[in-house]
Structure formats: C-alpha cells, structure tokens
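Engineer: Take a look at the following structure, please.
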Amino acid sequence: MLAHTGLRCTACKRGLDERALFCGLCGRRTRIRHDSQLGTVVGDAYRIEEKLAEGGFGAVYRVTHLASGLPLALKVLHADFASDETIAARFRRESRALANLRDRHTVSTFERGEFRDGTLFIAMELLHGETLQDRFRAGGPLPWRQVFAILRAACSSLGEAHARGIVHRDLKPANIHLGEDDFVKLLDFGVAKVLPGSDLDDASELTFTGQAVGTLEYMAPEQLLGASCTPRSDIYALGVVGYEMICGRRPFPEAVNPAALVTALLTQLPPEPSSLVRVPEAVDELLLRCLERDPAHRFATVVDLAASIDRALAPPRATGPPRVSAPRIAQFHHAVAMPEFDVPVRGSQVDVQPLPRTPGILAYLLAGLAGTVAAAVAWTLTA
C-alpha cells in the first residue's frame, strides 16, 4: 500500500512512497531517498554525522574519522548503482584522478576505496563556505575583478589536471567552492575525461561517440554535439561561468533545451558583456575569446588564459601630462651680465660712494631683465 507521505514524482506528479527510488509510473528517479545511515559507522573508520549533498549517482556526508577525530567529507556511490559497471568505473576514475591532483585549488583527497559491503567511497577535506552558485543566487552579478580572480584560481587547478591528461568536463558555478577569504577550490571530477596516453589512462572508454557528458548550459559546442572533449572545452565552460557571474545571464539565456542551444551556438554570437554591464574592453576580449565556437580560436591552454587574466587585473599605469624639467641657466645661449657693486666688508673702513640716482638703477635693471627674457626665448626656440 502506498504510504501517504505527500511526495510526488517531479515528472508525472504521481504520489510516491518515501522509500521509492523510482516512480512506478514513468520510471523517473526520485530526488528524496530514505537515509538510515546517519549516526552509523561505515568501513570501521567513518561515523556519518550529516548529509551535505546528494546527486543522481551518489551522496556526500559530513563524517568523523574515528582514528584521528578529524571531520571529513565522504562521497559514496549509491548502492543501487554498484552493479552498473560504467558508473562504478567512472566513480573509480574520479577517485583516481583526485588522488593524483595536489594543486591547492583542487579539493584534497585523503582516502579512496571500497567498503566491505561493496560501497565505493572517496574521503575528502571538509570545506566550509559556499559555492559560487550560492553566492550568485544570493546576491546576483559579481564585480568583474572578483570573478576574474575566481577564474584565475580555477585555472591553477585545471592547469595541473590538464597536464596530467584530465579534462574536467563539468565546470559550473556549483562546482566552484568559495572558502575563507574567497579561497577557491574546484570540485567534482565525477565526469572527468582522461585523455589517451596520459599516465592515468586505463584504456577504458566510458563514453561513446555522440554521447554528451556534462551540464547542458555550460557545455562547449563540440561537447554538446558529442565530439571529443579537450582542455579547450574546459576553457569554454569557464567563459560561460565568467559571463554569467558578471552579466547576470548566460550567453544564450533563451536557449532552454538542447536543440535550441545547439541552434544558438551554431548561428548566433553572444552579446559583448559591455553591452549588458559596465566593464572594460579587456573583459569583452577575454570572455568572448573563451566562448569562440571553434576551439582553435580559444585560448590554447589555461596557462595562456591565466596570463591574460593577470594582465586584465594588473593596476593601470599612472597617466598625466609629460614631465618637463626646469631649464638650467647654463643652457642659455646668451649670458646675462650682472652689475658689480663695491660692497664694504663688515667692520672695514672704505670710501662710501653714493649710489646712482633711482632712474639710472631702474634703467639698468630693465635692461638686464630684457636680456634675460631674450635669452629664455632663444633657448626655447633652439631646445
């Protein structure tokens, strides 16, 4: 008998049992799961204290590591997916990728593995703060300098990942965490792609040609069409994130389904950010280059993108009228003869001669002044 919980399927609105994982009518996965693990110890090592988040494939709990007493975040794969080899392999790939990344802007991993009951887990550092998505929803668009600083930190994390042959493929505001003093941590490498030939490549193909993986609104055109993803696909996603956080909307906000988004990407150009908000020209140039339809026209690497962000964030050089040094007397072409006076030495006895009459002195001084002006004009004309 159906329990009267008030829960309904988000797709067909049919009533659901609180323990239901799927809707019995349309097959839609439920968002609410009955969780009886709180307070229990898993793997003889972690006591589950609180559920922090839940996604389609797994959940994240705040746990206490019994041996050390440290609070950690424990990400586990839902039990009903343990038998799905593709999903289990993807979870293992994420744990392997995170274990090999050490950049300070990537969430740290302490342990990974499989409990005795077959549950796959990743024990990570417990983060405090909020996601970039939370910040945006609470306060709206952010100052462009703040957004660029966040993107710069994300480039640091991605620089290491790309160098190891890992493409994130799911960059979005919800996967960018802001901690104390807005310190950035990149999260969720759950759908990361390991490029062929890297030291993490296990030769297993978890996606197929024509299969799009990621979050629709932030996918690069080639990713949306199911083509091969490269580090430049992550650069496109960063461009969408930056554009949205600064302008308050994504480049094509009217595209609400895959078909409309593909059409917009292939037939339209995103408006310049400066046409929507007040930002300098450097913001237009950087974001629009990230959002180029052709990957070859984007920044070649996140290192190049980071350098461009640094230039945009650099304080402007001081400007003003050109400095003119004062002319030196020695530079005049005509020396000015100064009058000579017999000045008695203090305490001496000399004949005191009467000074010339006032008209004579005035005429002499005027003549000297005229000579000085003429010399200054001559120096100016020849300088």
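The values are calculated or read from the model by the stated rules, or taken from the named source; none is laboratory data. Since we're looking at a predicted model, the values are computed, not measured. Virtual Cβ from ideal backbone geometry, glycine too; neighbours counted across all protein chains shown.
Engineer: What tally of residues in region 256-273 results from selecting those that are under 24 Å from the mean Cα position of the chain (by Cα) and either surrounded by 14 or more Cβ atoms within 10 Å (Cβ to Cβ) or β-branched (V, I, T) (or both)? Write out each step before concluding.
Structural biologist: The first filter runs over region 256-273 and keeps only residues under 24 Å from the mean Cα position of the chain (by Cα), leaving 261, 265, 269-273.
Filter again for either surrounded by 14 or more Cβ atoms within 10 Å (Cβ to Cβ) or β-branched (V, I, T) (or both), leaving 261, 265, 270-273.
Residues flagged as under 24 Å from the mean Cα position of the chain (by Cα) and either surrounded by 14 or more Cβ atoms within 10 Å (Cβ to Cβ) or β-branched (V, I, T) (or both) within region 256-273 amount to 6.
Engineer: Further, regarding this structure: Which of the following residues is in a loop (DSSP other than H, G, I, E, B), at pLDDT 95 or above, among the small types (G, A, S) and in the same structural domain as W144 (by TED's automatic domain parsing): A296, A282, A300, A307?
Structural biologist: A300
Engineer: Which condition from (1) surrounded by fewer than 19 Cβ atoms within 10 Å (Cβ to Cβ); (2) farther than 24 Å from H128 by Cβ is the one that R62 breaks?
Structural biologist: Going through the list (1) surrounded by fewer than 19 Cβ atoms within 10 Å (Cβ to Cβ); (2) farther than 24 Å from H128 by Cβ, R62 breaks only (2).
Engineer: Tell me yes or no: at least one residue of region 127-142 is more than 28 Å from T301 (Cβ to Cβ) and in contact with a strand residue (DSSP E or B) (Cβ under 7 Å, 6 or more places away or on another chain).
Structural biologist: yes
Residues checked against (1) at pLDDT 95 or above; (2) in contact with an Asp or Glu (Cβ under 8 Å, 6 or more places away or on another chain); (3) under 23 Å from A45 (Cα atoms):
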residue: H78; (1), (2), (3): no, no, yes
residue: F81; (1), (2), (3): no, no, yes
residue: D84; (1), (2), (3): no, no, no
residue: F121; (1), (2), (3): no, yes, yes
residue: H168; (1), (2), (3): no, yes, no
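Engineer: Let me ask something else about it. Examine region 66-74 for a residue that is in a loop (DSSP other than H, G, I, E, B), in contact with a strand residue (DSSP E or B) (Cβ under 9 Å, 6 or more places away or on another chain), crowded, with 17+ Cβ neighbours inside 10 Å and not assigned by TED's automatic domain parsing to the domain that holds L195, and state whether such a residue exists. Outline the logic, then answer.
Structural biologist: First, the residues of region 66-74 that are in a loop (DSSP other than H, G, I, E, B): 66-70.
With the extra rule that they be in contact with a strand residue (DSSP E or B) (Cβ under 9 Å, 6 or more places away or on another chain), the set shrinks to 66, 70.
Among the residues that remain, those that are also crowded, with 17+ Cβ neighbours inside 10 Å are: none.
No, the conditions are met nowhere in region 66-74.
Engineer: Just for region 175-202: of the residues that are over 22 Å from A149 (Cβ atoms) and in contact with an Asp or Glu (Cβ under 9 Å, 6 or more places away or on another chain), which one is modelled with the lowest pLDDT?
Structural biologist: Let us first name the residues in region 175-202 that are over 22 Å from A149 (Cβ atoms), namely 189-202.
Adding the requirement that they be in contact with an Asp or Glu (Cβ under 9 Å, 6 or more places away or on another chain) leaves 189-192, 194-195.
Working: F189: 81, G190: 67, V191: 71, A192: 74, V194: 81, L195: 80.
Once the filter is applied, the top-ranked residue is G190.
Engineer: Just to verify a result, which residue in region 79-94, among those that are of a type outside the set (F, W, Y) and free of Cβ contacts under 8 Å to residues at least 40 places away in the same chain, is farthest from A192 (Cα to Cα)? Please lay out each step first, then the result.
Structural biologist: Just the residues of region 79-94 that are of a type outside the set (F, W, Y), to begin with: 79-80, 82-90, 92-94.
Add one more test, that the residue is free of Cβ contacts under 8 Å to residues at least 40 places away in the same chain, and what stays is 82-85, 87-88, 92.
Details: A82: 19, S83: 21, D84: 18, E85: 16, I87: 12, A88: 14, R92: 11 Å.
This residue is S83.
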